[in-house]
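Colleague: What follows is a structure written as structure tokens; I'll ask about it next.
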Amino acid sequence: MNEQNVIAWHRRHPWLAGLELETEARQAREEGRRLTPSLEREFDRLLAVPGQEGSWHGGPGGKRGLDWMAEAGRLMDRVLRCGQDPAFGYEEPSDLRGIRKARPRAPRLPAWTASRRAFGTQLHGGLLGRICGCLLGKPVEGWRQAEIQALAAATGNWPLTDYLRAPAAREARRIPRTFRNAKSPVLRGNIQGMREDDDTNYTVLGFEVLRRFGSEFSPADVAALWLGLLPIGKVCTAERAAYRNLVDGIIPPESALRRNPYREWIGAQIRADFFGYANPGQPARAAEWAWRDACISHVKNGIYGEMWVAAMLAAAYVESDWVKVIRAGLAQIPARCRLRAAVEGIVTDHGKGVSWEAAVAGVQARWDETHHHDWCHTISNAEVVAIGMLYGEDDYTRTIGCAVGAGFDTDCNGATCGSLWGVRHGVKALPAIWTEPIADTLRTGVDGYAEVRVCDLARRMADWAWKHGAAPS
């Protein structure tokens with residue numbers, strides 16, 4: 001490939017190369033790195049070169065070439081050698097020992113006493129609830145909140161109470177954005193089972209890690225399985241950067257750091273589910289398994305997001321109060337981290353009677369949904385997950401509707417909220433309007449799981465977990 005083609009490729013898809021300097025600069029400052037004046041000048045100099053680097057999709061034009069890319073890579077390497085700013089007000093270790101030392105005391109949860117049958121029903125509920133919530137958000141991934149609301153209102157589906165459908169011609173005239181393909185298989189009327197999605201790929205991959213390597217699996221085992229079962233085209237952002245590093249022989253946890261400006265994005269948070277499913281009533285164990293998975297591609301709050309979700313899922317088996325579930329998850333991450341502070345802010349606002357609309361507006365005020373770093377960050381989306389669980393009023397439809405209707409990473413947040421609700425209430429409680437179009441069918445990009453029956457996969461997951469620590473002692 002000649003230089004011109006290389007430049008065009010990286011310019012059009014900057015996140016594939018991992019050379020988004022604007023993202024790296026924001027990430028470094030947010031995580032409290034002490035950037036020297038010379039580094040700040042280097043960022044300013046390189047970012048001043050035209051090339052639409054800050055755009056999510058990149059674009060043609062600009063003057064950036066191979067020399068610029070080489071300089072950008074070296075600058076990102078220098079950032080990792082920067083120490084912590086002493087004025088940074090948070091304690092955010094990435095190693096497991098440091099996280100355990102920094103976390104608060106965990107609340108006492110009810111004992112797990114369910115039968116094998118009840119456990120299977122709850123795990124099946126989590127898996128199917130995840131699939132349905134993901135499918136609701138999938139058609140509008142990348143849309144702004146106002147666009148989602150306008151489409152849903154024009155089609156008689158606001159607040160969201162059904163899968164999204166393509167608007168008729170007369171409806172489309174009233175909305176700012178619609179679908180390119182009215183026959184898309186993720187829209188109401190066209191759905192025939194669940195399409196492949198990274199949010200479900202990783203749930204299957206988490207199960208396969210445990211099935212192959214057992215409960216003592218290591219981060220290296222996860223990395224090896226990625227390379228063996230998951231084509232690189234199926235992974236994005238932080239996972240793509242880690243995958244590239246693994247191929248270069250850079251092992252965890254260093255694989256999460258090198259030229260990875262997405263290291264606190266949402267990718268790890270969507271990989272938590274099987275680790276929570278397999279540990280009913282054991283949030284600490286679920287969080288530890290999640291850490292082993294997350295550390296190959298993420299640091300700090302990127303890791304905490306996966307630990308939080310896994311621990312919440314484990315707690316949801318035994319605790320019915322969603323505030324307590326959320327805090328059981330938060331108890332597994334550092335007491336003074338940005339994610340915990342943000343989620344506690346949502347809990348506090350909900351307790352004060354702040355409306356769903358105001359809560360969503362607050363997220364938008366703190367995070368710019370038009371900027372890909374904010375849109376895809378772990379913390380912004382963790383806030384949306386907390387909103388879904390608290391404002392959902394323990395109703396499945398309202399829960400996933402509140403999460404997806406808030407915008408940001410819609411399929412991820414719908415999936416996580418649907419998973420939590422499904423674990424708590426079991427598969428039989430999921431409304432048929434959501435489950436029937438799935439037709440018990442899941443398609444994935446994981447080798448060996450191209451198309452599976454959801455009930456069979458849930459049974460296999462439950463069988464494994466019951467034999468390896470899920471059964472009450």
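Colleague: Using Cα-Cα distances under 8 Å and only pairs 6 or more residues apart, what relative contact order does the chain have, in percent? Mind dumping the intermediate values first?
Modeller: Working: 865 pairs, mean separation 113.6, N = 473.
Relative contact order here is 24 percent.
Colleague: Let me have the 222 nm mean residue ellipticity of the chain computed from DSSP H runs of 4+ only, each contributing -39500 (n - 2.57), with the sum over all residues rounded to the nearest 500.
Modeller: -16500 deg cm²/dmol
Colleague: Kindly rank 28-38, 78-88, 155-165, 372-382 from highest to lowest mean number of other beta carbons found within 10 Å of each residue.
Modeller: Packing order, densest peptide first, comes out as 372-382, 155-165, 28-38, 78-88.
Colleague: Further question on the same structure: Run the quick spin-label model on R97 and R78: label points 7 Å from Cα toward the beta carbon, then report their separation in nm to one decimal.
Modeller: 3.3
Colleague: What does the charge dipole of the stretch 309-378 about its Cα centre add up to, to the nearest 20 debye, if the Cβ of each Lys and Arg holds +1 and the Cβ of each Asp and Glu holds -1?
Modeller: Numbers: 7 positive and 8 negative charges, 68 e Å.
Using only the charged Cβ atoms, the result is roughly 320 debye.
Colleague: Moving to a separate point now. Using every pair of alpha-carbon atoms in the stretch 312-463, split the distances into 5 Å bins beginning at 0 and state the percent of pairs per bin, rounded to integers.
Modeller: All Cα pairs, binned at 5 Å, distribute as 2, 9, 17, 21, 19, 15, 10, 6, 2, 0 percent.
Colleague: Now a separate question. Magnitude of the Cβ-charge dipole of the stretch 333-473, K/R +1 and D/E -1, about the Cα centre, nearest 20 debye?
Modeller: Here the size comes out at about 540 debye.
Colleague: How many angstrom lie between the Cα centre of the stretch 169-233 and the Cα centre of the stretch 84-159?
Modeller: Answer, in whole Å: 16.
Colleague: Would you list F179, F119, F213 from the most to the least accessible area, probe 1.4 Å?
Modeller: From most accessible down to least: F213, F179, F119.
Colleague: Using a 1.4 angstrom probe on heavy atoms only, work out the carbon and sulfur share of the accessible area of the stretch 323-402 in %.
Modeller: Answer for the stretch 323-402 is 51 percent, counting heavy atoms of protein chains only.
Colleague: Treating only the Cβ atoms of Lys and Arg (+1) and Asp and Glu (-1) as charged, compute the dipole magnitude of the chain about its Cα centre; round to the nearest 20 debye.
Modeller: Dipole of the chain, to the nearest 20 debye: 400 debye.
Colleague: Output the peptides 365-371, 120-126 sorted from most to least packed, where packing is the average of other Cβ atoms within 10 Å over each peptide's residues.
Modeller: Result, highest mean first: 120-126, 365-371.
Colleague: Amide H neighbours of D95 under 5 Å, at least 5 residues apart or on other chains, H built in the peptide plane: list them.
Modeller: Under 5 Å from the amide H of D95 lies no amide H from a residue far enough along the sequence or on another chain.
Colleague: Right, something else. When the solvent-accessible surface of protein heavy atoms is calculated with a 1.4 angstrom probe, in what order do D199, D221, D321 fall, highest first? Write out the running numbers ahead of the final one.
Modeller: Numbers: D199 0, D221 40, D321 65 Å².
Per-residue accessible area, sorted high to low, gives D321, D221, D199.
Colleague: Check every DSSP H run in the chain and write down those whose alpha carbon atoms cover 27 angstrom or more along the long axis and whose mean Kyte-Doolittle hydropathy is -0.5 or greater.
Modeller: Length and hydropathy pass: 116-137.
Colleague: While we're looking at this one, here's another question. Roughly how many Å² of K300 are accessible to a 1.4 Å probe, to the nearest 10?
Modeller: It works out to around 30 Å².
Colleague: Not counting ligands, DNA or RNA, and with a 1.4 Å probe, what is D395's accessible surface area in Å² rounded to the nearest 10?
Modeller: In the full protein context, D395 sits at about 70 Å².
Colleague: Compute the FRET efficiency between K352 and E393 as 1/(1 + (r/R0)^6), taking r as their Cβ-Cβ distance and R0 = 22 Å, and round to the nearest 0.05.
Modeller: 0.85
Colleague: Another question about this same structure. Give me the number: length gained by fully extending N181 to A439, i.e. 0.36 nm times residue separation minus the C-alpha to C-alpha distance, one decimal in nm.
Modeller: Stretched out fully, the N181 to A439 stretch lengthens by 90.7 nm.
Colleague: What whole-number value in Å² describes the accessible area per residue of the chain for a 1.4 Å probe? Each step should come with its number before you reach the end.
Modeller: Values: 18370 Å² over 473 residues.
Per-residue value: 39 Å².
Colleague: Counting only protein heavy atoms, what percent of the accessible surface of the stretch 137-194 is carbon or sulfur at a 1.4 Å probe?
Modeller: Roughly 45 percent of what the probe reaches on the stretch 137-194 is carbon or sulfur.
The values are calculated or read from the model by the stated rules, or taken from the named source; none is laboratory data. If you're wondering where the values come from, they're calculated on a predicted model, not measured in any experiment. When we count neighbours, we look across all protein chains shown, and the Cβ atoms used for this are built from the backbone with ideal geometry, even at glycine. Ligands, DNA and RNA are excluded from the accessible area calculation, which covers all protein heavy atoms including side chains. Shrake-Rupley method; radii C 1.70, N 1.55, O 1.52, S 1.80 Å.
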